[in-house]
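What follows is a set of notes on a single structure, which appears directly below.
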Amino acid sequence: SFIGEESVAAGEGSILTDNPTWIIDPIDGTTNFVHRFPFVAVSIGFVVNKKIEFGIVYSCIEDKMYTARKGKGAFCNGQKLQVSGQKDITKSLLVTELGSNRDPEAIKIILSNMERLLSIPIHG
């Protein structure tokens, strides 16, 4: 099976089944791309029985290839990646994205989530 982000965004229905399925977003960061903001990637995932098996993200502008496989770790251009190990949230950095949905109900939810996030005593 195949699920394409661009066709789903255009309103086509999509159902994830237990079949082996490719999930592809050919321009991940479409809004960035339109505005020439240099954070754009090609994202590909492969799912079996509704569980991710592996993923590949190619950051075009940076020429970085991120890969990950279930149980095998994650890599950037072949170099193993690991999390920081930081356990103290007050020394952590929070990154978020607001999305593009401007429906009043969606905005309410986004702002409510942001309010909860901003009340966490994070570093930045």
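The values are calculated or read from the model by the stated rules, or taken from the named source; none is laboratory data. Note that the coordinates shown come from a computational prediction; the quantities given were computed from them, not determined experimentally. Note that each Cβ is placed from the backbone with ideal geometry, even for glycine, and that neighbours are counted across all protein chains shown. The protein model used for the area step is the full one, side chains on, heavy atoms only, and it has no ligands, DNA or RNA in it. Shrake-Rupley method; radii C 1.70, N 1.55, O 1.52, S 1.80 Å.
Overview of values
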| read-out | value |
| --- | --- |
| Candidates I61, I110, I44: whichever shows maximal mean-square fluctuation once the chain is modelled as a Gaussian network with Cα springs under 10 Å | I110 |
| Qualifying aspartates and glutamates (Cα of each under 16 Å from Cα of K72; at least 8 residues distant if same chain) | E53 |
| Burial ranking of peptide ranges 112-122, 33-43, 76-86 (average Cβ count within 10 Å, highest at the top) | 33-43, 112-122, 76-86 |
| Where the chain is the region considered: accessible area per residue in Å², 1.4 Å probe | 78 |
| Gain upon complete extension [T31, N101; 0.36 nm per residue less C-alpha separation] | 24.0 nm |
| Given charges at beta-carbon only (K, R positive; D, E negative), |dipole| of the chain in Debye | 600 |
| The chain - percent of accessible surface contributed by carbon and sulfur, probe 1.4 Å | 60 |
| Sites N19 and Q79 - FRET efficiency at Förster radius 30 Å, r taken between beta-carbons, to 0.05 | 0.35 |
| D (Stokes-Einstein, µm²/s), Kirkwood Cα radius, the chain, 1.306 mPa s at 10 °C | 92 |
| Gyration tensor (alpha-carbon) shape descriptor, the range 1-72, a/c threshold 1.5 | oblate |
| Inter-site label distance for E5 and E62 at 7 Å from Cα along Cβ, in nm | 1.5 |
| Additional length obtainable on full extension of the chain from Q86 to E53, 0.36 nm per residue less Cα span | 9.2 nm |
| Most mobile of I27, I107, I56 in a GNM of the chain (Cα contacts under 10 Å) | I107 |
| Residue-wise HN-Hα coupling along the range 48-55, computed from phi with Karplus coefficients 6.51, -1.76, 1.60 (Hz; x: Gly, Pro) | 10, 6, 6, 10, 5, 9, 7, x |
